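S.K.: Would you mind keeping the following structure in view while I ask a few things?
The values are calculated or read from the model by the stated rules, or taken from the named source; none is laboratory data. Quantities reported herein were computed from a predicted structural model and do not represent experimental measurements. Virtual Cβ from ideal backbone geometry, glycine too; neighbours counted across all protein chains shown. In case anyone asks, the SASA skips ligands and DNA or RNA and just uses the protein heavy atoms, side chains included. Shrake-Rupley method; radii C 1.70, N 1.55, O 1.52, S 1.80 Å.
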Amino acid sequence: MSAVSTDIDPAGGGEKKWRRRGLAALAILLPLTLAETSYESIREWLHGEDLIARDVEFGQGAPFGGSEWRLADLRGGKAGRLPEHALAVIATFAVTVGDPDLQKQWLGCKVMLTDAAGRRWLPDFISGVSLPDGVMNCTSAIFSGAKKGEIISVGETFIVPEDAIETIRPAVGLGSERPWFLRFQRPPK
């Protein structure tokens, strides 16, 4: 006659207990694993986006990326070849260079326009519209060899819908300062 093992639970209670423990461990470990693997991606995303505005009054300067930034001029109108219901805008900044290593401090320099609805516009080429003499775009300024204490003019041209022109505000983002960016008040009318 053969002996029957008594350490097997014919009702399966032990197996159910281990299955429940495994599911509970999965419910705990899965979110932890996702958090651990996505942490670096989230950190990189935050450092690559202009998310938190530092507002600057018109005529005032603000330290940013090792230099002092001040909105010098904001003007717009019909010029060049533009789509219907669009205007050309030129934003110009007077920047007092602090740290002359602009290639490090200003890497990822981005001049943009924002409006009250949260929309953003990046620089655009406009046929027939150019920056004023002596004004450089971000890339040119980075490689200009500017010295400490020198004041340089940085600007960009934009195409903006007519309905946004009343609320646009110029802004500057730099890789060394992200996720923060400077957002300047418009000049008084």
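S.K.: Return a yes/no flag: does segment 35-56 have any residue that is under 17 Å from I151 (Cα atoms) and not hydrophobic (A, V, I, L, M, F, W, C).
M.R.: no
S.K.: Do the conditions hold for G155, that is, is it within 21 Å of G77 (Cα to Cα) and small (G, A, S)?
M.R.: yes
S.K.: Look at segment 58-89 and say how many of its residues are under 20 Å from G175 (Cα atoms) and open to solvent by less than 60 Å² (accessible area, probe 1.4 Å).
M.R.: 8
S.K.: For the condition at pLDDT 95 or above and either within 18 Å of S153 (Cβ to Cβ) or in a helix (DSSP H, G or I) (or both), what is the one hit in L71, L26?
M.R.: L71
S.K.: Here is a follow-up. From the list G80, G76, G134, pick out the single residue that is more than 26 Å from T167 (Cβ to Cβ) and either touching a residue at least 12 places away in the same chain (Cβ under 8 Å) or in contact with a Gly (Cβ under 6 Å, 6 or more places away or on another chain) (or both).
M.R.: Just a single option satisfies the conditions, and that option is G134.
S.K.: From I151, I159, I165, I126, grab the single residue that is of a type in the set (A, V, I, L, M, F, W, C) and closer than 16 Å to F184 by Cα.
M.R.: So the residue among I151, I159, I165, I126 that is of a type in the set (A, V, I, L, M, F, W, C) and closer than 16 Å to F184 by Cα is I165.
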